[in-house]
Amino acid sequence: MQKGNIGVTTENIFPVIKKFLYSDHEIFLREIVSNAIDATQKIKTLSDKGEFKGELGDLTVRVNIDDKAGTITISDHGIGMTEEEIDKYINQIAFSGVNDFLEKYKDNANNIIGHFGLGFYSSFMVSKKVEIITKSYKEGSKAVKWTCDGSPAYEIDDAERDGRGSDIVLYIDDDCKEYLEKNKIRELLNKYCKFLPVPVAFGKKTEWKDGKQIETEEDDIINNVEPLWTKAPSTLKDEDYKSFYRTLYPMQDDPMFWIHLNVDYPFNLTGILYFPRIKSNIDLQRNKIQLYCNQVFVTDQVEGIVPEFLTLLHGVIDSPDIPLNVSRSYLQSDRDVKKISTYITKKVSDRLQSIFKEDRKGYEEKWDDLKLFINYGMLSDESFYDRAKDFSLMKDTENKFFTFDEYKTLIKDNQTDKDGQLVYLYATAKEEQYSYIEAAKNKGYSVLLLDGQLDVPVISMLEQKFEKSRFVRVDSDIVDRLIVKEELKKTELNDEERDNLTSVFKSQLPSIDKVEFYVDVHSLGETASPLTITQNEYMRRMKDMSRFQAGMNFYAQMPDSFSLVLNIDHPLIKKILDDCKRSTSEELKPIVSEIKGLEARLAALRQGQSNKKAEEITQEEKDDLNNTEKAVSEQKDKKNGVLDAYAKGNSIVHQLIDLALLQNGMLKGASLDAFLKRSIELIK
């Protein structure tokens, strides 16, 4: 029997492993099974080269649980180890400078394994004792057993083992008993070992017999030793790719299409990337790409390997050039990883471009699912925008599709304003904004449908990319002011008529939480709507952008601002104005006269005091000014009270306001009920 201490420069490596790897302790199974696979592949290689002339036999790696003994055993039929090899590979750990080590990796436990040759020692994260029973393939070798109880002390003794290979026996610690549960181990094997290149068996298959599940003699192989990405694309059919996708993502709809990656220079990379159907909820779609290293699962946090927008794709990437135990800091600094990222972006762009060119109709049919992905790419990656601008589409409200250049050509003659700005009109909700869309179409304008999750930031980006262009939502103004080609016709109302008409409608507008209304009067022609509600493009877009950009919370807190635009040319508005004059002129005449007199006096007082320094103005003069201002305000309130009383009794005013609110989805509750009852009364 040989006894000794493991060659480490710290008193006890094992508390370090337990403490700093505890959050990732489930990877012990990946590490031990991966070692077994490596040993198995090595014997196959030696056999292929003629350096091993014996029978390979059954190369299946087996994982077994013994509840009573409290052990997990991972067995292989690989090359095995001699006593000297155990001493070299197990007892001597490339591990020094423990203090530097702890400081460097205190926030990144996963980087410890692999970089320090500690893959095997990850077993001590869950074990109070570990045994290796091994026999080398070399002729004349004898079986040996290595034992360690979680301290630097170990023992090597003679052992019995049928045939070459190794058994790693883990005596599971009391605080890790969940790893003695079959379902837990099956879950981990399925996660990390599903595509390993050597069969991995976990127990026996079961079948239903005599009303219960019983074990058969057949091994339950948990992995697919030839996953789809390792095969030549020419040998695969569409159904093969779809079937593999369903294996990866059992509850997902079939993907739209896919890219089979296969490159061996300047780095090794294989994989399949799928384009899922994504209409919204970006965050729910992330982390669906699985990263493998030689068919061993590493992570599904692939932001450092693929650009951020490509994390919306699903599928697998397998590269031996990415370490099995990969860290964020490593990914951010490694040149090969950056090359991989650039390569994948180019392959994705090329694939989209080829589909667009070869089957534009099919591409257009997929656009609603593709749009979010492409928009995200253009927003987050300048180089992707440069590629995507040729295959990114715009869809109008009639479901027609255009490239950026095609759409510019379509609208440039009719949608350029008097300042030479090309105006892109758009709607965000086809049904809700129907009347605004129709008004624009009646003017010969084209209206885009931009109803996607990222369309608001994309609009702002395109305004920077396109020359002399702006995007205007179709309900942001009256149709005559969406694209101003000449100075608008002025109304023939005098100031008093305008003020009275404005007051009549403003007094009857509802009080809605976080909503402000302004009333405006324009001459829009007899056939235009009598009353229209619009929302300012700039303010609405700033509020929308505040959902995407930090630091814009100021806009999010502001109330929604709407304009109530009265068309003085419409017969109904003219009728209200005339009726208001008849009904209120006698009562308003003395009030208006008083207001004019007070305003004249106020102007004179202000003029007189404007030529004096503050200290020269007497208290009497200040009081006179304040009292006159107060009197003007009181008379205006009196005037508005008369107009308010008139408006309250005018059913047409209420009906027009409610119709405009209804058109914009803003008429609800008691107001909607009152509108319905009034409508019935008006019909009688």
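Can you figure out the FRET efficiency of D560 with L662, using R₀ = 22 Å and their beta-carbon distance, to the nearest 0.05?
Efficiency, from the Cβ-Cβ distance: 0.85.
What is the set of long-range amide H partners of D173 at a cut-off below 5 Å, with H atoms built 1.01 Å from backbone N?
Answer set, sorted by chain and number: S127, K128.
What list of ³J(HN,Hα) couplings, whole Hz, do you get for region 384-401 from phi and the Karplus terms 6.51, -1.76, 1.60, once you set θ to phi - 60° and write x for glycine and proline?
5, 4, 4, 7, 6, 4, 8, 10, 7, 10, 10, 10, 8, 6, 9, 6, 9, 10
Hey, what's the per residue convex hull volume over the C-alpha atoms of the chain, in cubic angstrom?
289
Say R0 is 35 Å: what FRET efficiency, to the nearest 0.05, do E85 and S234 get from their beta-carbon distance?
Calculated transfer efficiency: 0.25.
Considering only T584, I79, V458, whose Cα is most displaced toward the positive end of the charge dipole of the chain, charges sitting on Cβ of Lys, Arg (+1) and Asp, Glu (-1)?
T584
Normalise the Cα radius of gyration of region 205-271 by 2.2 N^0.38 Å (N = residues in it) and let me know the number.
1.60
When we measure straight from the Cα of K638, which aspartates and glutamates land under 13 angstrom away, once same-chain ones fewer than 8 places off are left out?
E587, E594
Length gain on complete extension for the stretch A153 to A614, per 0.36 nm per residue less the alpha carbon to alpha carbon distance?
Separation in residues times 0.36 nm, less the Cα-Cα distance, equals 156.7 nm.
How much solvent-accessible surface does L379 expose, in Å² to the nearest 10, with a 1.4 Å probe and all protein chains in place?
70
Counting alpha carbon pairs within less than 8 Å and at least 6 residues apart, what relative contact order, in whole percent, applies to the chain?
Result for the chain is 8 percent.
Run the helix sum for the chain: -39,500 (n - 2.57) per DSSP H stretch of 4+ residues, divided by residue count, reported at 222 nm to the nearest 500 deg cm²/dmol.
Here the helix-only value at 222 nm equals -13000 deg cm²/dmol.
Accessible surface of K288 in the full protein assembly, 1.4 angstrom probe, to the nearest 10 Å²?
50
Give the accessible surface of region 349-480 per residue, rounded to a whole number of Å², with probe radius 1.4 Å and ligands, DNA and RNA excluded.
For region 349-480, the solvent-accessible area averages 44 Å² per residue.
Any chance you could look up the accessible area of E218 with a 1.4 Å probe, heavy atoms only, rounded to 10 Å²?
Accessible area of E218: about 100 Å².
Using +1 at the C-beta of Lys and Arg and -1 at the C-beta of Asp and Glu, which of F391, N567, T60 has the Cα lying farthest in the positive direction of the dipole of the chain?
So the residue we want is N567.
What is the sum of charges, Lys and Arg at +1 and Asp and Glu at -1, for the other residues whose Cβ falls under 12 Å from the Cβ of T247?
+2
Over region 110-216, average the accessible area per residue using a 1.4 Å probe and give it in Å², no decimals.
46
If a paramagnetic tag sat 7 Å from the Cα of E496 along the Cα-Cβ line, which residues of region 578-594 would have the backbone N under 13 Å from that point?
581-582, 584-594
Could you pull out the longest piece of the chain with no exposed loop chymotrypsin sites (Phe, Trp or Tyr not before Pro) in it, calling a site exposed if DSSP puts it outside H, G, I, E, B and it has at most 16 other Cβ atoms within 10 Å?
1-266
Taking the Cα centre of the chain as origin and charging only Cβ (+1 Lys, Arg; -1 Asp, Glu), how large is the dipole, in debye to the nearest 20?
Computed charge dipole of the chain: roughly 1000 debye.
At 20 °C and 1.002 mPa s, grab the translational diffusion coefficient of region 602-684 from Stokes-Einstein with a Kirkwood Rh over Cα pairs, rounded to a whole number in µm² per second.
Roughly 128 µm²/s, to the nearest whole number.
Holding the Cα-Cα limit at 22 Å, pick out from K400/K485; K441/K506; K177/K288; K231/K371; K88/K191; K42/K194 the pairs that are longer than that.
K400/K485; K441/K506; K177/K288; K231/K371; K88/K191, as the Cα separations exceed 22 Å there.
Using only Cα atoms, what Kirkwood radius does region 612-657 have, in angstroms?
About 13.4 Å, per the Kirkwood formula over Cα pairs.
How much length is gained if the chain between V484 and K581 is pulled fully straight, taking 0.36 nm per residue apart and subtracting their Cα-Cα distance, in nm to one decimal?
Fully extending the segment from V484 to K581 adds 31.6 nm.
What residue among A674, V298, W258 has its Cα farthest toward the positive end of the dipole of the chain, where the charges are +1 on Lys, Arg and -1 on Asp, Glu, each on the Cβ?
A674
Please report the carbon-and-sulfur percent of the accessible area for the chain; probe 1.4 Å, protein heavy atoms only, DNA, RNA and ligands left out.
The computed percentage sits at 47.
Once the Cβ-Cβ distance between D623 and S593 is put in as r, and R0 is 22 Å, what FRET efficiency do you end up with, to the nearest 0.05?
Plugging the Cβ-Cβ distance into 1/(1 + (r/R0)^6) gives 0.35.
How much length, in nm to one decimal, is gained on full extension between Q301 and Q421, taken as 0.36 nm per residue of separation minus their Cα-Cα distance?
Full extension of this stretch gives 38.8 nm more.
For K357, go through the aspartates and glutamates and keep the ones whose alpha-carbon is under 12 Å away, minus same-chain ones fewer than eight residues off.
Reachable aspartates and glutamates: D390.
Can you work out the accessible area per residue across region 482-533, with the rest of the protein chains kept in place, probe 1.4 Å, in square angstrom?
With the other protein chains kept in place, region 482-533 gives 60 Å² per residue.
Calculate the tail of P(r) for region 416-456: the fraction of all Cα-Cα distances greater than 12 Å, expressed in %.
63
In nm², what is the average projected area of the convex hull enclosing the Cα atoms of region 430-542?
Computed as one quarter of the Cα hull surface, the answer is 9.2 nm².
The values are calculated or read from the model by the stated rules, or taken from the named source; none is laboratory data. Remember, it's a predicted structure, so these values are computed and weren't measured experimentally. FYI the Cβ positions are ideal-geometry reconstructions off the backbone, even for glycines, and counts take in every protein chain you see. In case anyone asks, the SASA skips ligands and DNA or RNA and just uses the protein heavy atoms, side chains included. Shrake-Rupley method; radii C 1.70, N 1.55, O 1.52, S 1.80 Å.
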